[in-house]
Amino acid sequence: FRFKDSLAEELQSADLVISHAGAGSCLETLEKGKPLIVVINDKLMDNHQLELAKQLHRDGYVLYCNCSTLVETLQSMNLSALKPFPPGQPEKFASFLDKVFGLQ
């Protein structure tokens, strides 16, 4: 895709999402309940994408690979082994901030 303001429509109709391992892309896809393969960029310094991909994989939410192993990952993937991503609880964070700032 070229830049789009939102991928919500595409995510809604997708059966599988293949994305880079940016936090926003991962979380938006997982929150929609879509199976996700994240493709990390091996060339990044201090590769936070790799760290995120590994943790989400360890937790059972995504598969990850790099560009050179994408085809192999697609051929061997078992999407039924992925766990559903738990819904966010923004009210807990809001409550925490209220306590920190003395608003409660």
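Quick notes on this structure:
- Residue check, L52 in contact with a Cys (Cβ under 7 Å, 6 or more places away or on another chain), at pLDDT below 95, outside any strand (DSSP E or B) and open to solvent by 30 Å² or more (accessible area, probe 1.4 Å): yes
- Exactly one residue out of Q89, Q75, Q104 is closer than 20 Å to E31 by Cβ, surrounded by fewer than 11 Cβ atoms within 10 Å (Cβ to Cβ) and among the polar types (S, T, N, Q), and it is Q89.
- Filtered residues of the stretch 55-72 (kept if open to solvent by 60 Å² or more (accessible area, probe 1.4 Å), in a helix (DSSP H, G or I) and not charged (D, E, K, R)): Q55, H57, C67, S68, V71
- Yes/no for E28 being part of a helix (DSSP H, G or I), of a type in the set (D, E, K, R) and either in contact with an Asp or Glu (Cβ under 6 Å, 6 or more places away or on another chain) or loosely packed, with under 13 Cβ neighbours inside 10 Å (or both): no
- Put simply, of A81, A23 the only residue that is without any contact (Cβ under 8 Å) to a residue 60 or more places away in the chain and surrounded by 10 or more Cβ atoms within 10 Å (Cβ to Cβ) is A23.
The values are calculated or read from the model by the stated rules, or taken from the named source; none is laboratory data. Just so it is clear, the model here is predicted, and its values are computed rather than measured. Cβ atoms come from the backbone with ideal geometry, glycine included; neighbour counts cover every protein chain shown. Heavy atoms of the whole protein, side chains included, go into the accessibility calculation; ligands, DNA and RNA do not. Shrake-Rupley method; radii C 1.70, N 1.55, O 1.52, S 1.80 Å.
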